[in-house]
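Participant: I'd like to ask some things about the structure below.
Each value in this text was obtained by applying a stated rule to the coordinates, not by laboratory testing. Because the structure is a prediction, the values reported are computed rather than measured. With ideal geometry, Cβ positions are generated from the backbone for all residues, glycine too; neighbour counts draw on all protein chains shown.
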Amino acid sequence: MRPYELPDFYLPHPARLNPHLDTAREHIKAWARDMGILDAPPEEPGATIWDEATFDSMDFALLCAYTHPGTPSRELDLVTDWYVWVFYFDDHFLETYKRSQDQAGAKEYLDRLPAFMPVDLAAPPEPTNPIERGLIDLWARTVPYRSPEWRLRFFESTKNLLEESMWELANISGSRVPNPIEYVEVRRKVGGAPWSADLVEHAAFIEIPARIADTRPMRVLKDTFADGVHLRNDLFSYQRETQDEGEINNCVLVLERFLDVSPQRAADLTNDILTSRLHQFENTTLTELPSLFEEHGLNLLERESVLLYVKGLQDWQSGCHEWHLRSSRYMNKTSTPEPSIAQRLLGGPTGLGTSAAQIKLSPGALGLQRFKSHTHVPYETVGPTTLPEFYMPYSARVNVNLDRSRQHCIDWARQMGMLESVPGIPGLGIWDEENLALFDFAACAARVHPDASGPELDQSAAWLTWGAYGDDYFPAVFGPTRNMVGAKIFNTRLSAFMPLDCDATPPPANPFETGLADLWIRTASPMTIDQRGQFRQGVEAMTASWLWKLANAIQHRIPDPVDYVEMRRKTFGSDLTMSLARITKAGEIPRAIFRTRAMRGLENSAQDYACFTNDIFSYQKEIEFEGELHNCVLVVQKFLDIDRRRAVSVVNDLMTSRLLQFQHIIATELPALADDFNLDADAREALDAYVEGLQDWVAGILDWHMLTSRYPESALRRRYALGLNDRRTLPQRLGGPTGLGTSATLIDLLSSMRAPA
């Protein structure tokens with residue numbers, strides 16, 4: 001019995017079929033036999049994973065013919081071989097290690113595989129099984145023809161999808177269903193879609209220019225593509241995975257358990273996330289790529305390569321859906337007919353005609369859900385938020401130097417000009433002295449750094465003051481006029497106040513620049529050049545993220561939930577804080593440890609707890625007094641169509657699950673990580689100190705929110721009665737647009753987008 005009915009999928013791009021399908025089918029069967037995947041001797045490792053009938057019914061050639069409709073025959077054969085290999089790896093790992101829960105054997109097996117992917121094209125070891133044999137063959141046929149930058153990206157993507165299988169195995173062994181945020185993050189790696197995106201470049205004979213490969217727009221395109229592919233697969237594979245394989249790493253199951261809903265409701269919500277991610281893909285393409293091209297000076301050939309890459313990802317998404325409707329691996333309507341020879345040769349929209357029963361003219365299928373994100377009415381009177389009971393297993397400690405830092409905060413902010421009117425904007429003040437005293441950022445610093453010396457605490461409190469001032473200053477100055485050009489100029493100037501050689505900086509033009517210049521020279525002087533670079537990246541990540549908030553404000557668009565979570569860490573300044581902590585507390589820890597999934601999971605879970613804490617406490621301030629769109633409670637409200645009370649409960653549940661994950665990593669993953677890296681006693685002690693610092697951080701931030709007068713209604717009414725940072729009246733004073741009208745162009749564009757035929 002089917003656990004649920006498949007939802008109405010958003011399918012904006014018709015699927016096309018490569019005319020070389022039959023050739024690819026013939027080729028891959030011969031290749032699979034050569035590698036020992038099919039017809040291997042019984043004693044060969046993995047010989048019983050697939051028989052020929054199973055292999056034929058899964059039809060991997062059809063998958064690649066749909067996902068790479070314009071690829072020439074030879075390259076289609078190669079790409080299809082890669083997919084035979086990766087699906088075989090997945091099924092072999094399931095039968096050999098997941099069912100037996102052999103974690104030690106799995107690790108030994110996986111640790112060998114990177115040696116068969118030499119980025120420098122060195123000779124690989126002798127293979128011992130079909131996976132190793134296939135990887136040697138495929139690597140040699142692919143990477144010599146690509147740039148070193150592409151090789152490295154492809155190596156990392158392939159390594160991730162192999163190694164993160166251990167995460168799935170550990171969850172199965174511990175009967176641990178991951179939380180939704182953790183699931184989406186790790187699924188990108190283990191699911192392999194970033195690897196597929198790299199192969200899209202190869203199959204289209206293009207490469208993303210290296211200088212933009214790691215920019216936000218390109219990362220978002222790859223991530224949204226990956227999430228769309230994986231969530232779609234989860235919807236089709238839920239029955240197979242939960243009923244046959246004992247799998248617990250599936251988004252439908254994750255939401256079913258986290259929200260305590262039925263499989264049908266969880267499937268519908270998974271599809272809503274899928275649709276939202278596809279909308280984010282489209283939004284990024286339309287609104288972020290044009291400025292990316294100009295800012296990085298891409299020539300016409302480079303621009304064409306990026307657009308062909310986008311088209312390739314769209315083809316892959318559509319073709320993947322059509323294959324899922326036909327493959328024997330998944331829950332689908334098995335009566336879907338095979339495309340005719342004429343349809344294959346024409347390469348036209350063969351899939352949509354044969355799967356029309358799947359596509360209804362519903363809001364989901366038409367993509368009309370996107371309009372929910374543009375319909376929020378700003379400055380709604382919401383009143384105070386009833387706080388939930390927060391899960392916090394750690395106790396906040398208070399630095400003995402708090403009183404001196406309180407006075408230092410006020411004196412320093414006055415010296416920097418933060419308590420005066422904004423230069424060039426008469427009547428606009430961000431803070432006054434009474435406000436700053438009520439905010440009490442020194443109390444936050446004293447809890448985040450309970451063991452710091454007096455001067456160290458002063459500096460920490462000043463950084464918090466500077467970051468909060470910028471968080472208030474930026475939207476007050478640039479938000480009402482929607483001045484994206486001015487905002488980008490403002491952001492670009494900031495790097496000049498963080499010179500790696502600590503030389504002189506240009507004259508500051510506003511209190512924010514003045515404060516940064518002062519803090520940078522005090523903080524960066526004792527650091528090495530590498531440490532300064534690392535710390536500067538953390539500062540730049542925060543300030544650049546404010547441009548993302550402004551872009552959404554211009555579109556009057558509540559962000560996609562996944563994009564919100566990932567960008568919230570930056571808007572909160574988490575990267576800045578973590579960078580400083582790594583430098584000051586983790587000197588003995590190898591930097592490579594911070595690139596592991598365990599450490600990233602540890603830091604991200606702590607950051608999310610702190611960010612969502614702020615969102616709950618600041619809801620009234622942001623929604624009622626500032627007209628904000630960037631608040632997790634609001635994002636959850638709109639996405640789930642629930643009221644604030646229920647949304648606060650969901651956000652609090654997310655906070656709890658993230659902190660439980662934080663504890664789980666400390667208890668189970670960090671000891672193994674220390675062993676894997678052979679850390680000596682000093683490094684292990686430094687790692688323990690760093691973890692204790694993160695515990696102080698999450699406990700201290702929650703404690704400060706409980707104590708500060710930045711968020712209570714009485715303080716808000718006083719502050720906005722004085723006109724401080726009041727965005728409701730500034731547009732009229734400056735003669736700028738008020739917000740809703742500025743999104744009309746985008747809404748008109750969205751309305752005119754062609755719906756699926």
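Participant: Assuming a ≥ b ≥ c are the square roots of the Cα gyration tensor eigenvalues, decide whether the stretch 558-707 counts as rounded (a/c under 1.5), prolate (otherwise, with a/b larger than b/c) or oblate. Don't skip to the answer; put the middle values down first.
Facilitator: Working: a/c = 2.46, a/b = 2.16, b/c = 1.14.
Prolate.
Participant: Still on this structure, please answer the following. Report the FRET efficiency, 1/(1 + (r/R0)^6), for ALA509 and LEU286, where r is their Cβ-Cβ distance and R0 is 30 Å, rounded to 0.05. Could the numbers behind the result be given before it?
Facilitator: Numbers: r = 33 Å, r/R0 = 1.09.
Step by step, r from the Cβ atoms, then E = 0.35.
Participant: Follow-up question, since we're still on this one. May I ask you to compute the full-extension gain from GLU389 to ARG211, defined as 0.36 nm times their residue separation minus their alpha-carbon distance, rounded to one decimal in nm?
Facilitator: On the way: separation 178, 0.36 × 178 = 64.08 nm, distance 4.63 nm.
Net length gain for the segment: 59.5 nm.
Participant: Would you calculate a helix-derived [θ] at 222 nm for the chain, using -39,500 (n - 2.57) for each DSSP H run of n ≥ 4 and dividing by the full residue count, to the nearest 500?
Facilitator: Details: 35 runs with 466 residues, N = 757.
Value at 222 nm, helices only, nearest 500: -19500 deg cm²/dmol.
Participant: Kirkwood Rh, Cα Rg: Rg to Rh for the chain?
Facilitator: Working: Rg = 26.9 Å, Rh = 27.7 Å.
Computed over Cα atoms, the ratio is 0.97.
Participant: Tell me which of PRO506, GLY573, HIS321 sits at the most positive position along the dipole axis of the chain, charges placed on C-beta atoms (Lys, Arg +1; Asp, Glu -1).
Facilitator: PRO506
Participant: Using 0.36 nm per residue, how much length does the chain from ARG645 to ARG257 gain when fully extended, once their Cα-Cα distance is taken away?
Facilitator: Details: separation 388, 0.36 × 388 = 139.68 nm, distance 2.03 nm.
Gain on stretching ARG645 to ARG257: 137.7 nm.
Participant: Report the charge-dipole magnitude of the chain in Debye, nearest 20, computed about the Cα centre from +1 at each Lys and Arg Cβ and -1 at each Asp and Glu Cβ.
Facilitator: Details: 75 positive and 104 negative charges, 438 e Å.
Magnitude of the dipole: close to 2100 debye.
Participant: For each pair in LYS311/LYS488; LYS549/LYS638; LYS189/LYS570, compute the distance between the two Cα atoms and list the pairs where it is over 27 Å.
Facilitator: Details: LYS311/LYS488 29 Å; LYS549/LYS638 17 Å; LYS189/LYS570 21 Å.
Where the Cα-Cα span goes over 27 Å, the pairs concerned are LYS311/LYS488.
Participant: Ok, one more. Exposed loop sites here are GluC sites (Glu not before Pro) in DSSP loop states with at most 15 other C-beta atoms within 10 Å. What is the longest stretch of the chain lacking them? The partial results should precede the final answer.
Facilitator: Working: sites that count: GLU5, GLU43, GLU380, GLU389, GLU420.
My reading of the result: 421-757 is the longest stretch.
Participant: I would also like to ask the following. For ILE529 and ALA123, calculate 0.36 nm times their separation in residues minus their Cα-Cα distance, and state this gained length in nm to one decimal.
Facilitator: On the way: separation 406, 0.36 × 406 = 146.16 nm, distance 3.65 nm.
Answer, rounded to one decimal: 142.5 nm.
Participant: I've got another one for you. What's the center-to-center distance, using Cα atoms, between the stretch 590-662 and the stretch 136-193 in Å?
Facilitator: After rounding, the separation between the Cα centres reads 26 Å.
Participant: For the stretch 264-313 and the stretch 525-546, write down the distance between their C-alpha centroids in whole Å.
Facilitator: Centre-to-centre distance over Cα atoms comes out at 28 Å.
Participant: Please list 3J(HN,Hα) in residue order for the stretch 674-691, calculated via the Karplus relation 6.51 cos²θ - 1.76 cosθ + 1.60 where θ = phi - 60°; whole Hz, with x for glycine and proline.
Facilitator: 4, 5, 4, 8, 6, 5, 7, 4, 5, 5, 5, 5, 5, 5, 4, 5, 5, 5
Participant: Next up: Using 15 Å as the cut-off for backbone N distance, which residues of the stretch 150-171 belong to the label zone defined by a point 7 Å from the Cα of ASP675 along Cα→Cβ?
Facilitator: Output list for this probe position: 170.
Participant: Turning to a different aspect of this structure: Mean separation of Cα pairs under 8 Å and 6+ residues apart, divided by the residue count of the chain: what relative contact order is that in percent? It would help to have the intermediate numbers written out before the result.
Facilitator: Details: 988 pairs, mean separation 112.9, N = 757.
It rounds to 15 percent for the chain.
Participant: How far is it, in nm, from the label point at ALA104 to the one at GLU5 when both lie 7 Å from their Cα along the line to the Cβ?
Facilitator: Distance between label points: 5.1 nm.
Participant: Continuing with this model, one more query. State, to one decimal in nm, how far the label point of GLN264 lies from the label point of LEU308, with both points 7 Å from Cα in the Cβ direction.
Facilitator: 4.7
Participant: Give me CYS320, CYS251, CYS502 sorted ascending by neighbouring Cβ count inside 10 Å, so fewest comes first. Spell out each step's value before the answer.
Facilitator: On the way: CYS320 20, CYS251 27, CYS502 14.
The fewest-first ordering by Cβ neighbours comes to CYS502, CYS320, CYS251.
Participant: Along the Cα-to-C-beta direction of SER495, a point sits 7 Å from the Cα; which residues of the stretch 534-567 have their amide N less than 15 Å from that point?
Facilitator: Only 534-545 pass the distance filter.
Participant: Looking only at chymotrypsin sites (Phe, Trp or Tyr not before Pro) in DSSP loops with at most 14 other Cβ atoms within 10 Å, what is the longest site-free stretch of the chain?
Facilitator: Looking at the chain, 380-757 is the longest stretch - no exposed chymotrypsin sites (Phe, Trp or Tyr not before Pro) with at most 14 other Cβ atoms within 10 Å.
Participant: Taking R0 as 56 Å, what FRET efficiency do you get between GLU420 and LEU301 from their Cβ-Cβ distance, rounded to the nearest 0.05?
Facilitator: According to the calculation, E is roughly 0.65.
Participant: Measuring from label point to label point, each 7 Å out along Cα→Cβ, what is the GLU26 to ILE521 span in nm?
Facilitator: Placing both labels 7 Å beyond Cα along the Cβ direction yields 7.6 nm.
Participant: Alpha carbon centre of the stretch 67-91 versus the stretch 417-446: separation in Å?
Facilitator: Comparing the Cα centres of the stretch 67-91 and the stretch 417-446, I get a distance of 59 Å.
Participant: Just going by the charge dipole of the chain, with Lys and Arg at +1 and Asp and Glu at -1 on Cβ, which of GLY515, ALA442, SER373 is farthest out on the positive end?
Facilitator: After comparing all options, I get SER373.
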